[in-house]
Amino acid sequence: MLNLVLFGPPGAGKGTQSQKLIEKYGLIHLSTGDLLRSEITQGTPLGLEAKKLMDQGVLVPDEVVIGMISTKLDANKDAKGFIFDGFPRTVAQAEALDSLLEAKKAPIAGMIALEVTDAELEHRLLLRGKDSGRPDDANPEVIRKRVKEYNDKTAPVAGYYKSQHKFNSINGMGTIEEIFHSIEEIIKGYLQ
Ligand code: B4P
């Protein structure tokens with residue numbers, strides 16, 4: 001089983017690269033952002049609560065996203081592996097993920113962090129905001145709040161994986177293909 005965490009600030013390209021990774025390696029894509037947006041579309045109580053927070057650019061409570069991931073892991077017992085996209089976003093989420101995977105005897109192989117400048121992040125998200133319909137992409141103030149949340153609460157998650165010697169950093173600037181190639185080079189090492 002190959003379990004990878006794709007990491008980076010909002011707009012770094014986690015969702016974009018995940019799509020390519022699932023096509024090539026047949027892994028299951030678990031994006032907490034997508035799962036939350038699906039709850040919003042369905043109008044569930046969880047979705048209604050999450051929407052208030054996401055529209056402001058702040059993180060949803062740990063127990064909510066941990067519960068969603070736990071359900072998805074149970075629903076995909078025969079998976080070849082998982083790409084965790086946008087999760088874990090706090091150290092508490094990282095610890096919970098380790099516990100969930102310990103039960104499966106399939107720990108995280110590695111984290112791949114996409115490094116992108118703040119100016120490029122804002123540019124990408126505003127561009128997507130023009131037609132994505134995502135309120136959190138349309139407003140520069142909300143984008144800055146998301147980047148601040150990332151720096152305050154999510155960036156420390158890199159240290160968590162560094163301490164386990166599972167951290168890999170790659171340049172997230174460039175074409176989608178160039179970045180995918182860098183990710184493939186890291187995955188080759190895990191598949192050997
Ligand atoms: P997410 O859905 O995870 O979204 P993201 O961080 O905005 O995007 P991502 O990095 O995947 O960027 P993408 O590839 O799409 O989170 C949204 C919100 O949900 C959070 O703010 C939070 O409130 C909540 N949430 C989610 N998970 C949570 C958790 N675990 N705990 C608590 N709260 C949680 O790329 C962005 C754009 O860039 C796209 O338009 C893409 O086409 C473009 N792009 C990608 N690569 C490019 C490249 N190389 N060059 C140019 N453009 C590129």
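The values are calculated or read from the model by the stated rules, or taken from the named source; none is laboratory data. Model, not experiment: these values are computed from the prediction. Quick reminder, even Gly has a Cβ in these numbers, built from the backbone with ideal geometry, and neighbours come from all protein chains shown.
Brief remarks follow.
- Looking only at segment 49-61, and only at residues there that are in a helix (DSSP H, G or I) and buried (at least 17 other Cβ atoms within 10 Å of the Cβ), the one that is nearest to the chain's Cα centre (by Cα): Met54
- Qualifying positions in segment 32-48 - within 27 Å of Thr117 (Cα to Cα) and surrounded by fewer than 19 Cβ atoms within 10 Å (Cβ to Cβ): Asp34, Arg37
- Within segment 158-192, considering residues that are more than 10 Å from the ligand (Cβ to nearest atom) and among the β-branched types (Val, Ile, Thr), the one surrounded by the fewest Cβ atoms within 10 Å (Cβ to Cβ): Ile186
- Residues in segment 108-158 that are of a type in the set (Val, Ile, Thr) and touching a strand residue (DSSP E or B) at 6+ places or on another chain (Cβ under 9 Å): Ile108, Ile112, Val116, Thr154, Val157.
- Screening Gly8 against (1) at pLDDT 95 or above; (2) more than 12 Å from the chain's Cα centre (by Cα) leaves a single unmet condition, (2).
- Scope segment 1-43; condition among the aliphatic types (A, V, I, L, M) and in a helix (DSSP H, G or I); matching residues: Leu21, Ile22, Leu35, Leu36, Ile40
For (1) of a type outside the set (A, V, I, L, M, F, W, C); (2) near the ligand (Cβ under 10 Å from one of its atoms); (3) touching a residue at least 40 places away in the same chain (Cβ under 8 Å); (4) buried (at least 17 other Cβ atoms within 10 Å of the Cβ), each residue gets a yes or a no:
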| position | (1), (2), (3), (4) |
| --- | --- |
| Ile69 | no, yes, no, yes |
| Asn76 | yes, no, yes, no |
| Ala79 | no, no, yes, yes |
| Gly86 | yes, yes, yes, yes |
| Thr90 | yes, yes, yes, yes |
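- Of all residues in segment 93-130 being in contact with an Asp or Glu (Cβ under 8 Å, 6 or more places away or on another chain) and in a loop (DSSP other than H, G, I, E, B), the one that is nearest to the ligand (Cβ to nearest atom): Ile108
- Scanning segment 83-140 for residues that are out of contact with any helix residue (DSSP H, G or I) (no Cβ under 7 Å at 6 or more places or on another chain) and among the small types (Gly, Ala, Ser) yields Ser99, Ala103, Ala106, Ala119, Ser132, Gly133.
- Members of segment 136-157 that are more than 13 Å from the ligand (Cβ to nearest atom) and more than 17 Å from the chain's Cα centre (by Cα): Pro140, Glu141
- Boolean, Glu149 is over 22 Å from Leu36 (Cβ atoms) and among the charged types (D, E, K, R): no
- Filtered residue count, segment 7-55, keeping only those that are within 22 Å of Glu120 (Cα to Cα) and more than 8 Å from the ligand (Cβ to nearest atom): 4
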